1. Quickly run through segment 28-70 and pick out the residues that are outside any loop (DSSP other than H, G, I, E, B) and within 30 Å of Ala199 (Cβ to Cβ).
2. Just checking, how many residues over segment 102-122 are of a type in the set (A, V, I, L, M) and in a loop (DSSP other than H, G, I, E, B)?
3. Consider Tyr73 carefully, then state whether it is of a type in the set (Ser, Thr, Tyr), more than 17 Å from the chain's Cα centre (by Cα) and in a helix (DSSP H, G or I).
4. Kindly provide the set of residues from segment 64-107 that are small (Gly, Ala, Ser), farther than 20 Å from Ala126 by Cβ and surrounded by fewer than 18 Cβ atoms within 10 Å (Cβ to Cβ), ordered by number.
5. If you take the residues in segment 122-136 that are farther than 15 Å from Arg99 by Cβ and touching a residue at least 12 places away in the same chain (Cβ under 8 Å), which one is surrounded by the fewest Cβ atoms within 10 Å (Cβ to Cβ)?
6. Residues of segment 111-121 being surrounded by 14 or more Cβ atoms within 10 Å (Cβ to Cβ) and either in contact (Cβ under 8 Å) with a residue 40 or more places away in the chain or under 17 Å from the mean Cα position of the chain (by Cα) (or both), which ones?
7. With the requirement that a residue be crowded, with 17+ Cβ neighbours inside 10 Å and hydrophobic (A, V, I, L, M, F, W, C), what does segment 44-60 give you?
8. Let me confirm something: among Ala167, Ala158, which residue is out of contact with any Phe, Trp or Tyr (no Cβ under 7 Å at 6 or more places or on another chain), of a type in the set (A, V, I, L, M) and either at pLDDT 90 or above or not in a helix (DSSP H, G or I) (or both)?
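The values are calculated or read from the model by the stated rules, or taken from the named source; none is laboratory data. The structure presented is a predicted model; accordingly, all values stated were derived computationally and were not measured. Neighbour counts run over all protein chains shown; Cβ positions are idealised from the backbone, glycine included.
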Amino acid sequence: MLQALRSRMRRFFGHSDGSITLEAILYMPPILMLFLLSLVLFDGFRTNNLSQKAAYSIGDAISRETVPLDDAYLNGMEAVYQEIVGRRAGYGIRFTIMRWSASQEAYLVDWSNVRGTLITNRLTDADLEGMEDDLPQLQNGERIIMIEARTDVSVPEALRKSSDGWAPPLSVRIDMDKFQMAANVITRPRFTPQVCWQAC
């Protein structure tokens with residue numbers, strides 16, 4: 001009896017024929033969903049990288065200006081952002097020039113302007129009160145340029161949870177159709193003490 005059991009075990013472990021249909025049915029959906037998720041994450045980090053490069057480019061260009069800026073100039077900076085990041089995504093850019101006032105012990109906005117659809121409000125002095133921990137320490141009257149950029153990253157339909165709560169079985173469920181990547185850049189004017197809006 002023991003000899004027969006050993007013989008059967010040896011035969012079982014020696015078999016190389018079989019079917020992987022069941023294994024394929026079980027493993028393929030999660031593998032495909034993980035592959036799609038990796039594409040979303042790759043696209044998200046790529047978009048974030050491009051958004052940061054665009055924001056740094058815009059901040060550097062504005063820091064070199066010696067004449068007052070106007071709407072045409074900011075429209076040009078918006079076109080630069082679209083060219084670097086790509087026109088496929090929703091975006092928003094906020095341009096803000098601010099200074100430190102020692103007498104008021106506060107950051108004050110010289111001017112602020114927006115482009116795109118994801119950022120709709122211009123920064124005010126009241127907005128800066130909640131951002132003091134994120135801003136550099138400045139001397140009295142010293143000015144900085146802050147570029148804030150937001151870009152949408154879309155999630156593929158196959159990874160989204162539908163409005164009725166259904167998602168494909170064994171898949172990664174994402175409760176949004178897109179998410180935003182943010183890039184904030186702060187720099188100082190290079191050749192003049194301030195960058196003016198329309199007139200100094």
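1. Ala54, Ala55, Tyr56, Ser57, Ile58, Gly59, Asp60, Ala61, Ile62, Ser63, Leu69
2. Total meeting the criteria: 3.
3. yes
4. Ala72, Gly76, Ala79, Gly86, Gly90
5. Residue satisfying both the conditions and the ranking: Asp134.
6. Hits for segment 111-121 are Trp111, Asn113, Arg115, Gly116, Leu118, Ile119.
7. Hits for segment 44-60 are Leu50, Ala54, Ala55, Ile58.
8. Ala167
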